[in-house]
Amino acid sequence: MLSEYKEVFLEELAEQLQVMDEVILQLEQEGESEQIVQNLFRAAHTLKGSSAAMGYEEMKHLTHEMEHLLDQVRSKTLRVTGPLIDLLFQSLDGLKELQKDIMRADDAITDISECIRKLQAFDKSSKEMKDVEVERMTNLEPELSLNTKLKMKEAEDQGLKVYWIRIQISPDCDIRGARFYVIHSNLCNLGEVLYSIPDIDKIEEQGSSSLEVQFLYAGEQSGEELQEMVAALTDVTNVKLESVTTETEGSVAEEIEMPEIHIERDHSHKEISKTPTIRVNVDRLDHLMNLVGELVIEHTRIDEVKRIQKRQYSDDSVEQLSQISDHLYRIISDLQDSVMKTRMLPIEQLFNRFPRMIRDLTRMLGKDIELAIGGKDTELDRTLIEEIADPLIHLIRNAVDHGIELPEQRELSGKVRKGTLQIRAAHEDNQVVIYVEDDGAGIDPEKMKNSAVSKGIVSPEEAELLSDKEAINLIFRPGFSTASVVSDVSGRGVGMDIVRSHIEKLNGLIDIETKLGQGTCFKIKLPLTLAIIIGLLVKLDDQTFIIPMSNIAEIVRTSYNDIARVRGQEVILLRNEIIPIVWLHDRFNLSRRKRKNGIVQLVIVGSAEKRLALAVDELIGNQEVVIKSLGSYVGKVDGIAGSTILGNGKIALILEVSGIINQG
């Protein structure tokens with residue numbers, strides 16, 4: 001076993017499976033296209049070769065059977081149909097199962113014999129239909145009228161040669177009828193067109209598949225010359241010539257011994273230029289990121305030394321130290337930016353999984369949903385892309401299952417039958433925001449309250465006091481569900497509380513906006529990376545703590561006299577919103593500093609629907625900090641996300657806001 005190449009093989013396998021997933025879906029949506037079929041064939045062929053080289057016989061066997069069917073599609077002896085698309089998707093699922101086997105161990109434990117049997121059975125049935133198809137193809141040439149036959153005879157008497165010319169017009173051609181007319185005119189300039197099909201009035205101007213047209217042509221050119229001339233015409237992708245005479249006409253025409261011409265047009269203007277790339281082990285990138293983190297810490301220390309020196313001395317050496325520190329800062333910033341970019345991947349890699357998922361779900365649930373994806377180029381740390389996948393899948397499945405109504409229900413509500421699900425990403429304020437938005441039924445606050453009361457999550461009295469926003473946010477409570485029926489798609493015990501906690505572990509936030517009858521939008525905010533964050537340094541007694549800026553909503557100063565008490569809990573009233581106050585001193589057994597002028601510094605932090613005011617002694621300022629784990633000896637501590645080293649060499653703890661909020 002070539003174990004040293006396994007990692008490279010798995011990377012290629014993941015890429016090719018993704019390509020196949022997208023192309024099969026494209027084949028289904030856009031119809032048969034030479035380029036699409038070729039891309040799919042190429043992916044199957046590549047996998048067949050690489051799996052054979054690695055000794056994965058099951059994968060080689062499966063891709064071989066897929067390739068065999070695709071080759072027939074490519075040679076136009078097999079047509080793309082719904083059953084064929086389903087079979088290709090089933091084969092792809094089989095390949096994904098084999099991929100999991102290879103990742104777990106080298107032995108394949110997935111039984112793919114049924115899938116192979118279906119592929120072979122499909123092949124057999126296609127062969128049985130092949131003769132019928134050939135017969136149909138040979139009968140494509142229409143029966144010529146007496147007038148056309150007389151024209152042929154006249155052309156032969158003049159010493160001209162007569163050909164059937166079959167031409168395929170590219171699916172990329174924007175105006176196919178006009179192109180047919182131009183080709184007809186060009187042939188008329190070269191010789192005489194005796195007959196042509198189809199009727200120009202019946203040609204659809206636009207279409208996703210190639211258009212085949214035929215001309216009965218008489219001219220002086222040899223077959224090679226004529227084929228070369230026709231192939232040079234714009235939007236012609238395939239040319240085939242058959243010589244015909246009045247004696248052979250009516251039987252199968254004599255085919256000229258010349259290669260069929262397939263023309264590869266230059267589509268470079270439609271493609272994004274590719275930059276040379278290399279594959280780098282993720283561990284090496286992580287190590288590089290750690291080294292950059294160390295540099296950030298050391299620079300913070302140098303900066304601290306600079307400030308101390310400036311306070312004590314004023315000679316040239318201090319000025320030089322200041323210049324070195326500034327220069328070093330710029331270099332480290334550029335280096336950090338570059339290293340972070342190497343870890344960044346377009347979120348497209350995550351979004352590309354969803355079209356297939358939506359296709360399968362809509363077919364399973366009998367719904368009609370259009371998926372719109374935006375912001376594919378938005379870049380995010382690859383770790384975050386992997387981690388956010390499960391919460392996003394859960395939100396999407398919920399939107400399809402519970403959010404968007406059945407076509408009949410939508411029609412009764414005055415909506416179009418087809419629902420829309422939008423998934424988009426964008427950079428906002430040094431964060432990445434992902435939206436999952438549907439135009440479904442929306443969330444009913446009253447229904448949420450009733451469900452929460454029936455499940456004992458809140459009492460009837462508490463439910464009465466909840467605003468609509470608070471009622472909707474009940475969806476994040478553990479054990480909450482409004483689904484009346486537990487389906488195979490969602491509602492199987494994994495609730496929105498799990499989604500929220502998963503997002504919070506990534507230092508992210510999730511929020512909901514919904515309108516009854518109009519739809520729901522989930523908004524997820526994520527940091528660009530988990531390795532280095534921007535944090536607000538605060539003082540509690542003599543200890544420095546760091547609050548991630550991504551969790552901070554705002555900072556307010558309030559008089560101690562403005563702090564009220566509700567059921568023993570200190571709160572402030574901020575823009576008609578009651579926000580509980582947490583004295584971090586009490587959490588960490590620190591002494592509360594005596595406040596000047598009775599003013600309290602409050603940092604308003606948020607996680608999901610909850611807001612909390614953290615009382616601190618002093619605000620120092622914000623800076624980039626490198627997150628270090630507390631190590632296995634200390635382990636996980638609720639309310640602490642990690643630690644970092646400050647410029648003075650001391651260690652500061654980074655607060656985990658969601659943990660503090662959950663502690664109440």
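The values are calculated or read from the model by the stated rules, or taken from the named source; none is laboratory data. In this text the structure is predicted, and so the values were computed from the model without any measurement. A quick note on method: Cβ atoms are made from the backbone with ideal geometry, for glycine too, and the neighbour counts reach across all protein chains shown. Remember, those area values only see protein heavy atoms, side chains included, never the ligands or the DNA or RNA. Shrake-Rupley method; radii C 1.70, N 1.55, O 1.52, S 1.80 Å.
Tabulated values for the structure
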read-out: Search result, residues across region 400-410 that are modelled with pLDDT of 90 or more and open to solvent by 70 Å² or more (accessible area, probe 1.4 Å); value: E408, Q409
read-out: Residues that are over 30 Å from R301 (Cβ atoms) and without any contact (Cβ under 8 Å) to a residue 40 or more places away in the chain, drawn from region 320-348; value: P346, E348
read-out: Qualifying residue in region 46-69 (condition: open to solvent by 40 Å² or more (accessible area, probe 1.4 Å) and either touching a Phe, Trp or Tyr at 6+ places or on another chain (Cβ under 6 Å) or within 26 Å of T362 (Cα to Cα) (or both)); value: no
read-out: All positions within region 419-449 that are more than 19 Å from N398 (Cβ to Cβ) and open to solvent by 40 Å² or more (accessible area, probe 1.4 Å); value: H427, E428, D429, N430, E446
read-out: Test: S550 is outside the structural domain of V499 (by the TED database), at pLDDT below 85 and among the hydroxyl-bearing types (S, T, Y); value: yes
read-out: Which listed residue is at pLDDT below 85, farther than 30 Å from A399 by Cβ and either in contact with a Leu (Cβ under 7 Å, 6 or more places away or on another chain) or open to solvent by 90 Å² or more (accessible area, probe 1.4 Å) (or both), from S268, S273; value: S273
read-out: In region 19-33, the residues that are open to solvent by 50 Å² or more (accessible area, probe 1.4 Å) and in contact with a helix residue (DSSP H, G or I) (Cβ under 8 Å, 6 or more places away or on another chain); value: V19, E22, Q26, E28, E30, E32
read-out: Members of region 214-237 found to be closer than 13 Å to R179 by Cβ and either of a type in the set (K, R) or in contact with a strand residue (DSSP E or B) (Cβ under 9 Å, 6 or more places away or on another chain) (or both), listed by number; value: V230, L233, D235, V236, T237
read-out: Unmet criterion (only one of (1) farther than 12 Å from A218 by Cβ; (2) buried (at least 19 other Cβ atoms within 10 Å of the Cβ)) for I165; value: (1)
read-out: Pick from region 303-332, criterion open to solvent by 40 Å² or more (accessible area, probe 1.4 Å) and under 27 Å from D381 (Cβ atoms), ranking: modelled with the lowest pLDDT; value: Y329
read-out: Members of region 168-184 that are modelled with pLDDT of 80 or more, part of a helix (DSSP H, G or I) and open to solvent by less than 30 Å² (accessible area, probe 1.4 Å); value: F180, I183
read-out: Test result for E428, charged (D, E, K, R) and more than 17 Å from the chain's Cα centre (by Cα); value: yes
read-out: Lone qualifier among G647, G621 - being part of a loop (DSSP other than H, G, I, E, B), open to solvent by less than 50 Å² (accessible area, probe 1.4 Å) and touching a residue at least 12 places away in the same chain (Cβ under 8 Å); value: G647
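So that you can scan it fast, the table gives a plain yes or no per residue for (1) more than 24 Å from P355 (Cβ to Cβ); (2) assigned by the TED database to the domain that holds R382; (3) modelled with pLDDT of 85 or more:
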{"position": "G419", "(1), (2), (3)": "no, yes, yes"}
{"position": "A426", "(1), (2), (3)": "no, yes, yes"}
{"position": "N430", "(1), (2), (3)": "yes, yes, no"}
{"position": "A441", "(1), (2), (3)": "no, yes, yes"}
{"position": "S459", "(1), (2), (3)": "yes, yes, yes"}
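Listed here are the residues, each with its yes/no results for (1) outside any helix (DSSP H, G or I); (2) over 54 Å from the mean Cα position of the chain (by Cα); (3) in contact (Cβ under 8 Å) with a residue 60 or more places away in the chain.
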{"site": "L150", "(1), (2), (3)": "no, yes, no"}
{"site": "I165", "(1), (2), (3)": "yes, no, yes"}
{"site": "N186", "(1), (2), (3)": "no, no, no"}
{"site": "V193", "(1), (2), (3)": "yes, no, no"}
